[in-house]
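A short write-up of the structure that comes next.
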Amino acid sequence: MNFPNLIDGRAIATQIQGELTQRIAALRSRGLQPGLAFVRVGEDPASKVYVGRKEKACAELGIISETHVLAEATSEADLLALIAKLNADSRLHGILVQAPLPKQIRQEVVYASVAPTKDVDGFHPVNVGKLMLGDTGGFLPCTPAGVRELLVRSGVKTDGAEVVILGRGNIVGKPMAAMLCQKGRAANATVTICHSATRDIKAHCRRADIIVAAMGVAEFLKADMVKPGVVVMDVGVNRVADPTAKTGSRLVGDVAFAEVQLIAGKITPNPGGVGPMTIAMLMQNTVRAAEMVA
Ligand code: GUN
């Protein structure tokens with residue numbers, strides 16, 4: 001399956017990691033090795049896979065990483081105490097607390113407790129605020145930053161483009177909208193956010209030059225909802241039943257890929273599109289965090 005309109009997220013992520021290798025070598029020549037701490041609470045199978053991939057990327061690049069695994073029943077106070085220790089550890093330049101967190105822990109309290117200068121997830125209110133204000137000194141959340149980088153490196157012009165974002169979540173939808181409507185490079189788009197209360201999603205999508213699908217509904221975006229030549233970025237990761245698969249299920253995106261790719265001008269495969277970029281952007285944020293103290 002090698003269609004000319006595919007945006008190859010793996011290849012672009014590899015290119016970015018090559019660029020980071022040089023920045024890491026420059027840091028090491030000054031006696032500094034970037035360090036990143038992962039915190040995982042409980043045994044969510046998807047979180048284990050995601051943290052495992054991020055650890056592997058660190059190892060490949062020469063970023064020191066350490067992973068703290070806490071029990072599902074951990075109290076919020078104990079998690080905050082660990083984060084305070086990591087905030088104070090000068091070997092660590094980034095801290096990532098993997099979501100989702102157990103019910104007894106308030107996610108917003110946890111993310112606000114990470115030092116903004118080590119918030120390589122871009123979830124701290126200070127970094128969210130900087131994004132809204134157009135202050136480029138903060139950290140951008142990795143998934144929307146990865147989508148934007150894919151657009152840039154695939155030669156997709158956002159200037160004046162009609163962009164429709166499906167989903168209004170804090171991790172992707174809202175920050176993606178803030179990034180693309182900003183005045184400046186790789187931005188300047190007219191952005192519409194669609195969500196569960198939007199009256200006619202199809203009408204919005206059919207007008208779009210670029211669609212970012214991030215609402216978490218399996219294969220939601222169909223061919224009759226898009227115009228020819230549209231650029232489609234599929235952020236979705238949904239597990240659906242599949243009796244023909246060995247495990248009884250498989251992962252699909254928010255886009256009905258087989259039909260939409262026949263019409264799209266460019267489209268991300270899924271897997272192999274946005275996913276690898278999320279990790280590349282996390283590595284980039286960590287290297288930047290280390291450069292900021294170097
Ligand atoms: N869970 C799903 N996506 C993310 C992410 O980007 N960062 C963290 N920390 N947890 C997540």
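Here, each number is a calculation from the coordinates, and none is a lab measurement. No experiment lies behind these values; they were computed from the predicted model shown. Reconstructed Cβ throughout: ideal geometry from the backbone, glycine too, with neighbour counts over all protein chains shown.
Helix check for the chain. Which DSSP H runs span at least 15 Å along their own axis by Cα, with a mean Kyte-Doolittle hydropathy no less than 0.5? Passing helices, by number: 76-88, 274-293. Extension gain, R91-A223: 0.36 nm per intervening residue step, less the Cα-Cα distance, totals 42.6 nm.
Using the Cβ-Cβ distance between E291 and V69 with R0 = 41 Å, the FRET efficiency computed as 1/(1 + (r/R0)^6) comes to roughly 0.90. Over segment 52-160, the fraction of Cα-Cα pairs per 10 Å bin, rounded to whole percents and listed from the shortest bin up, is 12, 38, 35, 12, 3.
Note: relative contact order over segment 156-216, using C-alpha pairs below 8 Å and six or more positions apart, is 48 percent.
Would you mind pulling out the separation of the Cα centroids of segment 169-192 and segment 71-141, in Å? First find each Cα centre; the distance between them is then 22 Å. Available extension along the chain between T136 and N5 is 44.0 nm, counting 0.36 nm per residue and deducting the alpha carbon span. Under a Gaussian network description of the chain, with springs only between Cα atoms under 10 Å, the residue in S113, S90, S154 that fluctuates furthest is S90. Each label point was placed 7 Å from the Cα along the Cα-to-Cβ direction; for A258 and T190 their separation is 3.6 nm.
For Cα pairs less than 8 Å apart in space and 6+ apart in sequence, what is the mean separation divided by the residue count of segment 97-240, i.e. the relative contact order in percent?
Numbers: 218 pairs, mean separation 25.2, N = 144.
This gives 18 percent for segment 97-240.
By its C-alpha gyration tensor, with a ≥ b ≥ c as the square roots of the eigenvalues, how is segment 220-294 shaped: rounded for a/c under 1.5, else prolate for a/b larger than b/c, else oblate? Oblate shape, in that a/c is at least 1.5 and b/c is the bigger or equal ratio.
Remind me, relative contact order of the chain in percent, using alpha carbon pairs under 8 angstrom and six or more residues apart? If you can, show how the numbers build up before the last one.
On the way: 558 pairs, mean separation 61.7, N = 294.
Result for the chain is 21 percent.
Taking the chain as a Gaussian network of alpha-carbon nodes connected by springs under 10 Å, the highest mean-square fluctuation of the residues L92, L79, L151 belongs to L79.
Rounded, prolate or oblate: which fits segment 170-294 when a ≥ b ≥ c are the square roots of the eigenvalues of the alpha-carbon gyration tensor, with rounded for a/c under 1.5 and prolate only if a/b beats b/c? Cα axes put segment 170-294 in the oblate bin. Build a GNM of the chain with springs between Cα atoms under 10 Å apart, and of K54, K222, K85 the one that fluctuates most is K85. Separation of segment 213-229 and segment 277-294, taken as the distance between their Cα centroids, equals 32 angstrom.
Overall, the anisotropy analysis places segment 1-99 in the oblate class: the square-rooted eigenvalues a ≥ b ≥ c of its C-alpha gyration tensor yield a/c not less than 1.5, with a/b not exceeding b/c. The A84 and A59 beta-carbon pair, evaluated with R₀ = 30 Å, returns a calculated FRET efficiency of approximately 0.65.
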